[in-house]
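Colleague: Have a look at this one before I ask anything.
Quick note: the coordinates plus some simple rules give every number you see, no bench work behind them. The structure presented is a predicted model; accordingly, all values stated were derived computationally and were not measured. Cβ placement follows ideal geometry from the backbone for every residue including glycine, while neighbour counts extend to all protein chains displayed.
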Amino acid sequence: MNKNRTIKVDYLARVEGEGALHVRIKNNKVTEVKLKIFEPPRFFEAFLRGRHFTEAPDITARICGICPVAYQMSSVHAMETACGVTVDGPLRALRRLIYCGEWIESHVLHVFAHRAPDFLGYPSALEMAKKHGDLVRQALQLKKVGNEIVTVLGGREIHPINVRVGGFYKVPSKSDLRPLVEKLKWSRDAAIESVRAVGKLEFPDFEQDYEFVALRHPNEYPFNEGRLVSNKGLDIAVREFDDHFVEEHVPYSSALHSTRKARGNYFVGPQARYSLNFSKLAPVAQQTAREAGLGPVCRNPFQSIVVRAVETLQACDEALRIIEQYEPPDAPSVQVHPQAGVGYGCTEAPRGILYHRYRLDDRGMIINAKIVPPTAQNQKTIENDLRHFIPDRLSLSDEKLKWQCEQAIRNYDPCISCSAHFLKLDIQRE
Amino acid sequence: MAVKHKPKLAVWKFASCDGCQLSLLDCEEELLAVAGAVDIANFPEATRAVVRGPYDLSLVEGSITTPRDAERIHQVRRASKYLVTIGACATAGGIQALRNFKEVKEFISIVYATPGYIEALNKSTPISDQVFVDFELQGCPINKYQLLEVISAYLNRRKPNTPPYSVCLECKRRATVCVMVAHGTPCLGPVTQAGCGAICPSYNRGCYGCFGPKETPNTAALAKRCARIGMSDPDLVRAFRTYNSYSEPFRRESIAHEQK
């Protein structure tokens, strides 16, 4: 094997959007790792200027077709804090419910369509379906239930139309939600089975000392609300985000790299949420996680597939609880009157914290906007993982090493169109 | 009848949110049937296996916004026998075409600290501005049943049945009371192409035009009506400047109100 080589993955498959990886190896040492995102920039933060505050949920949803609900949630919360409004009661519960739908849909897509084929040795779920037909059909059914929640509440699964600043345009009746109950009971069982199934996969022995960052709420597993915390001492309100995190523009990527000031890279997403909030999971999710071999903290990114399956279970369980307790509110939304000021919103997208900040004038027109998506925040951590992951695998052929690197990246379910901003793999051995 | 070979399907992505190609994965009930009828030859969001072209049916998502993509679309066209654009980005330039009304340099400097690193064209343009397109499927996002209709029509060598009439007909068909007439809620339904199933009015909000212009839309008449129920010229500019802002009828109407 050549001691110096370059490994390139020119087009990373089974990630959302476009990216590439460039790795340089000199004398069997990894000298350079660059995760390049070549998703064409779309300039959302620029054209949001001059738009009305009520337009932000629909416009920012278009940043990502996989997690539009996350964009809608972070933007409505930001606008509501700018205007001094709190949305509570059944409306708040319905927001959690639509988020459950998106988590189920997005996580199941990742676990079964993007990640399981790697572990089982197939190029895609469709190829996998030829041998594991029942597994794929069950996964598609589970994903469909997630989509149905989003459709009942949002009108459609991609870019839902029913979310507005202050609540919803129309809220469901109890009978609108009832058909979901039986389906969710089936889904909860299917999710338990899938946690068990993915828990049995073989994971490389690879743990890192990460700084996990996620929301934490006193008595809920986080979706929409909480303080931003980490396992290394961070504990701040959402409005303090800009004091603690910075974005950098690197020449090889159209996604900005986000770091913790004076600290460096950090880790957001299901594994961070899980490791910081294990005690807030429903008892059934905690128990199933333990049975699948997960402790209350998970530092092996390859096990993120199990964590996502656990969160799918959590979302099914939470959705059932919300529907069972649901009493329709008097009005589908609370009135929001614009006022000049700054609003901050941070919610837990399927891939991790999604931060929005808007400055409004007194007519509710957006003066400026800042959006920090999860994948941008994980880029440096992904690069760091690869720096530690590759040295033990240098004896592999370029082709095998490439596939391994791709998997180390897919652990993060990188959503490249969100990061505007992703995958080709290029390993250079010199 | 014995089928000689399964047609090769390819999915291509340009500037977009991935939502329209996700619609294919969202066909949970029908996905395995589609996978059985075609050979999925290139679909990076779903598979790492790539089959070499040429491709019988190419689905193209996203708009052209970079010099590199302006070249890549020609390669895609050369490798494709039948090319279908899916969604508002590929068909009309998408939300990112809002830059077409401004100075792109200014946009880059708002978002990026080092504008020199960013390569972007001045305009975000639809695929048909660059190459010949066999069929355009509108919507932000597209409707998955319309996508299945396009694939099914292609397999059966017939024309896709995607009606060019307005959202109003879909409202009537599902017996939704007109939100504009009954509640004075501004609605782009009369000038917007059907296909979504008239979702917004059934949720008590006006259509916001995500499916783009219908055939022969009378945008000026609608704008007048919306002005009478309280929309100002800047409101109208913004209403026509969303996901299909660079489609000719919506572009013309928004410019008319900007100049007032």
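Colleague: Which residue, B:Gln193, B:Gln75, B:Gln146, has the most motion in a Gaussian network model of chain B that connects Cα atoms within less than 10 Å?
Modeller: Judging by the Gaussian network model, the answer is B:Gln75.
Colleague: Another question about this same structure. Calculated FRET efficiency, A:Ser173 and A:His388, Cβ-Cβ r, R0 56 Å, to nearest 0.05?
Modeller: Once the sixth-power term is evaluated, E becomes 0.60.
Colleague: Using only Cα atoms, locate the centre of segment B:231-249 and the centre of segment A:128-180, then give the distance between them in Å, rounded to an integer.
Modeller: Each part's Cα centre sits 31 Å from the other's.
Colleague: Where does segment B:8-155 land on Rg/Rh, using Cα atoms and the Kirkwood Rh?
Modeller: Across segment B:8-155, the Cα-based Rg/Rh ratio is 1.00.
Colleague: Roughly how many nanometres apart are two label points built 7 Å out from the Cα toward the Cβ at A:Arg196 and B:Thr216?
Modeller: 6.3
Colleague: May I pose another question? Starting from the Cα of A:Glu327, step 7 Å along the direction of its Cβ; do the same at B:Ile110; then give the gap between the two resulting points in nm.
Modeller: In this crude label model, A:Glu327 to B:Ile110 measures out at 4.5 nm.
Colleague: Another question about this same structure. Quick one: what does P(r) look like for segment B:167-258 with 10 Å bins over all Cα pairs, in whole %?
Modeller: 19, 54, 26, 1
Colleague: As an exercise, use a Förster radius of 25 Å and the Cβ-Cβ distance of A:Glu247 and A:Lys26 to find the FRET efficiency, rounded to the nearest 0.05.
Modeller: Calculated value: 0.25.
Colleague: Could you work out the per residue convex hull volume over the alpha carbons of chain A, in cubic angstrom?
Modeller: That works out to 125 Å³ per residue.
Colleague: Explain nothing, just compute: Karplus ³J(HN,Hα) = 6.51 cos²θ - 1.76 cosθ + 1.60, θ = phi - 60°, for every residue of segment A:311-317 in order, whole Hz, x for Gly and Pro.
Modeller: Couplings: 5, 5, 4, 4, 5, 5, 5 Hz.
Colleague: Could you sort B:147-153, B:58-64, B:27-33 so that the peptide with the highest average Cβ count within 10 Å comes first and the rest follow in order?
Modeller: Going by the mean number of other Cβ atoms within 10 Å, highest first, we get B:58-64, B:147-153, B:27-33.
Colleague: Any idea what the dipole of segment A:205-319 comes to, in debye rounded to 20, about its Cα centre with Lys/Arg Cβ at +1 and Asp/Glu Cβ at -1?
Modeller: Approximately 140 debye in magnitude.
Colleague: Would you mind computing, in nm to one decimal, how far apart the modelled labels at A:Leu120 and A:Ser279 are, each placed 7 Å from Cα along Cα→Cβ?
Modeller: 3.8
Colleague: Apply 1/(1 + (r/R0)^6) to the Cβ-Cβ distance of A:Asp134 and A:Asp362, taking R0 = 51 Å, and write down the FRET efficiency to the nearest 0.05.
Modeller: 0.30
Colleague: Oh, and also: Return an integer: the convex hull volume of the alpha-carbon atoms of segment A:215-254, in Å³ per residue.
Modeller: Normalising the Cα hull of segment A:215-254 by residue number yields 121 Å³.
Colleague: Between the helical axis of B:67-78 and the dominant principal axis of chain B, each derived from Cα atoms, what acute angle in degrees is found, rounded to the nearest 10?
Modeller: Approximately 50 degrees, to the nearest 10.
Colleague: Next question, about the same structure. Only loop residues by DSSP count here, and only those with at most 12 other Cβ atoms within 10 Å; note down the trypsin sites (Lys or Arg not before Pro) in segment B:64-159 that meet that.
Modeller: Sites meeting the loop and neighbour criteria: B:Arg157, B:Arg158.
Colleague: Inside 10 Å of the C-beta atoms of B:199-205, what's the mean count of C-beta atoms belonging to other chains?
Modeller: Across the residues of B:199-205, the mean count of other-chain Cβ atoms within 10 Å is 6.
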